[in-house]
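Throughout, read-outs are computed from the coordinates displayed, never taken from laboratory work. Quick caveat: nothing in here was measured; it's all calculated off a predicted structure. Every residue, glycine among them, receives a Cβ derived from its backbone with ideal geometry; neighbour counts consider all protein chains shown.
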């Protein structure tokens, strides 16, 4: 079992104020930390990967399909592959996401 240092994940700015850091890629999943500045947006998108995540700190407006909900620190989401979703940071946020199968483009 490899132990991975947080600093080994290279920060990548995905969108203005949205930075991802890939922390682990296994045979069946990818673990990613995302930081978002207040007001930053991950625009509506889909992907074939199943995604589950945890909001470590901050508040988000989460749009998942037809549902809009404010998400607070400690809340969790489960997104089936192919479902449109978008997030907007209502304050600075730290998110942890897991994707299956692995997000090979995040290597």
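For the reader, a short list of remarks on this structure follows.
- Modelled label reach - residue 6, point 7 Å along Cα→Cβ, the stretch 47-86 residues with backbone N closer than 18 Å: 54-59, 73-74
- Full extension of the chain between residue 90 and residue 52 gives 11.7 nm of extra length, using 0.36 nm per residue less the Cα-Cα distance.
- In the set (1) 97; (2) 180; (3) 147, the label that goes with volume of the Cα convex hull per residue in Å³ computed for this structure is (1).
- Cβ-Cβ FRET estimate between residue 66 and residue 14, R0 fixed at 30 Å, reported to 0.05: 0.75
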